[in-house]
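In what follows, a structure is listed as structure tokens, so that the remarks can point back to it.
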Amino acid sequence: MRTILSTLLRNPKAAVGLGIVLLFVAVAVLAPLLTPYEPLARVGRPHEAPSWEHWLGTTRIGRDVWTQLLYGARSSLLVGFATGFLIAGLGVAVGITAGYVGGWVDEVLTFLTNVVLVIPNLPLLLVLAAFLGQAGPLAIALIIGLTSWAWGARVVRAQTLVLRRREFVQASEMLGEPRWRVVAVELLPNLISIVGINFIGSVIYTVITQATLEFLGLGDPLAVSWGTMLYNAQTSSALIVGAWWELLAPCVAVAVFGGALALVNFAVDEVANPRLRTLPRAPRPWSGRPIDTRRTQGAGQ
């Protein structure tokens with residue numbers, strides 16, 4: 001595990017991506033120290049342009065956009081990482097159980113996974129969110145998590161079927177080691193890269209999906225997140241009245257955070273698959289006049 005982490009940190013993509021992600025996390029945690037305002041308090045005139053007092057301007061109600069961006073990061077990142085853990089955890093549990101136990105357990109879990117995969121994900125999310133009404137961040141996290149684990153479970157199951165035939169797994173079983181120890185010691189360490197890629201991709205998907213659901217008005221309007229910022233900017237016709245800052249701030253935040261996680265995802269993929277790593281450039285061929293070795297040897301004599 002330590003070797004994989006050190007190798008990952010030496011990757012430039014991972015270093016840049018992790019730096020940006022940690023910056024977002026620090027900003028979300030230190031939000032009360034970075035702004036003197038409350039996210040839902042009216043602190044200025046409607047649609048006030050960016051200034052030294054309000055760095056990113058104000059909304060139609062007079063709320064500070066910079067403050068909402070900081071506190072919105074708390075909700076969006078919390079939902080993203082919590083749902084990522086839920087999706088990755090369910091995928092690992094179902095995939096390893098189906099691939100390692102086999103038999104009727106594998107058939108039942110594979111059938112359930114295929115059913116979830118067949119159902120269109122985004123329309124199902126829209127129907128469930130509309131059925132719940134104004135869904136809060138916790139409800140959105142549960143909806144996304146319980147409907148998005150199947151892809152990861154299928155990949156983990158396929159890799160587990162390959163690993164269970166390896167010599168070290170069969171040797172552990174012949175020694176009489178319990179199943180939980182075989183899974184924890186022999187299988188999971190060899191699935192870290194797949195689980196990491198699934199987790200990072202799930203976080204990106206969750207942040208974007210949450211923003212989409214809330215932008216469509218299916219979230220809680222009183223909750224402060226990047227999605228509700230987009231919804232409020234749309235309902236107040238921010239672009240039409242020229243208040244571009246109200247819409248630009250959450251859009252840039254979602255794009256930069258998603259891009260940072262994508263860099264980390266690419267780096268994990270490169271570490272897991274050495275063929276994807278960038279090869280060093282070959283030395284440029286000599287473009288000068290070729291050396292006459294016979295004349296050089298004659299001069300030396």
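Every number in this text was worked out from the coordinates using simple rules, so none of it is lab data. Bear in mind that the values here come from a model prediction, so they are computed numbers and not experimental data. Don't worry about glycine lacking a Cβ; one is built from the backbone with ideal geometry, like all the others, and counts go over all protein chains shown.
The condition of being out of contact with any strand residue (DSSP E or B) (no Cβ under 7 Å at 6 or more places or on another chain), more than 30 Å from A233 (Cα to Cα) and of a type in the set (F, W, Y) holds for only one of F24, F85, that being F85. Taken together, the criteria exclude G99 from residues that are surrounded by 19 or more Cβ atoms within 10 Å (Cβ to Cβ), of a type in the set (G, A, S), out of contact with any Cys (no Cβ under 7 Å at 6 or more places or on another chain) and within 21 Å of A238 (Cα to Cα). Considering only region 121-138, I want to know if a residue exists there that is among the β-branched types (V, I, T) and under 17 Å from the mean Cα position of the chain (by Cα). The answer is no, given that none of the residues of region 121-138 is among the β-branched types (V, I, T) and under 17 Å from the mean Cα position of the chain (by Cα).
Restricting attention to region 164-172, does a residue exist that is part of a helix (DSSP H, G or I), surrounded by 15 or more Cβ atoms within 10 Å (Cβ to Cβ) and of a type outside the set (D, E, K, R)? Reasoning before the result, please.
Looking only at region 164-172, we keep the residues that are part of a helix (DSSP H, G or I), and these are 167-172.
With surrounded by 15 or more Cβ atoms within 10 Å (Cβ to Cβ) added as a condition, the list becomes 169, 172.
With of a type outside the set (D, E, K, R) added as a condition, the list becomes 169, 172.
Among the residues of region 164-172, at least one is part of a helix (DSSP H, G or I), surrounded by 15 or more Cβ atoms within 10 Å (Cβ to Cβ) and of a type outside the set (D, E, K, R), which makes the answer yes.
Return yes or no: is G72 under 17 Å from L222 (Cα atoms) and in contact with a Lys or Arg (Cβ under 8 Å, 6 or more places away or on another chain)? Judged against the criteria, G72 is not a match.
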